[in-house]
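Handing you this structure, nothing more for now.
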Amino acid sequence: KFARSTVSRDSEDKIKADWGMINSLIKASGPSNLKQALIMADRSLDTALRDVASGETMGERLKNAESKYEKYFYNKIWEAHKMRNNLVHEASFEPPYFMINESLQTFKKALEVLGVSV
């Protein structure tokens, strides 16, 4: 079910570089910057999940990584991922700032649980 028990050094380096950009987008503020930050944060979690869980899609990898997270928090990760999907696939989707910010924090904590500090 799991490819590795930890995130590889290459993946960790890529994730940390992504989070440098994510933090810049958050500081720049504005709806489009925050949306882009959320999309990048989702992608960074997927990068980590590729190392520790099997699956063809992020959804499959997330399902296969369920045991790595507490149940309540695992559900928050799914909510954050669904928000990202809505941003990408629904042009009229405009979540409030606090929801985007909460999802960004969820992705950050999800990475930390996998051993990646950003």
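The values are calculated or read from the model by the stated rules, or taken from the named source; none is laboratory data. Worth saying up front: this structure is predicted, and the values here are computed from it rather than measured. In this analysis, Cβ positions are derived from the backbone assuming ideal geometry, glycine residues included, and neighbour counts consider all displayed protein chains. With ligands, DNA and RNA removed, areas are computed over all heavy atoms of the protein, side chains included. Shrake-Rupley method; radii C 1.70, N 1.55, O 1.52, S 1.80 Å.
Can you find a residue that is touching a residue at least 40 places away in the same chain (Cβ under 8 Å) and under 11 Å from the mean Cα position of the chain (by Cα) anywhere in segment 65-79?
There is no residue in segment 65-79 that is touching a residue at least 40 places away in the same chain (Cβ under 8 Å) and under 11 Å from the mean Cα position of the chain (by Cα).
Considering only residues that are outside any loop (DSSP other than H, G, I, E, B), open to solvent by less than 60 Å² (accessible area, probe 1.4 Å) and touching a residue at least 24 places away in the same chain (Cβ under 8 Å), look in segment 4-25 and name the one that is nearest to residue 88 (Cα to Cα).
22
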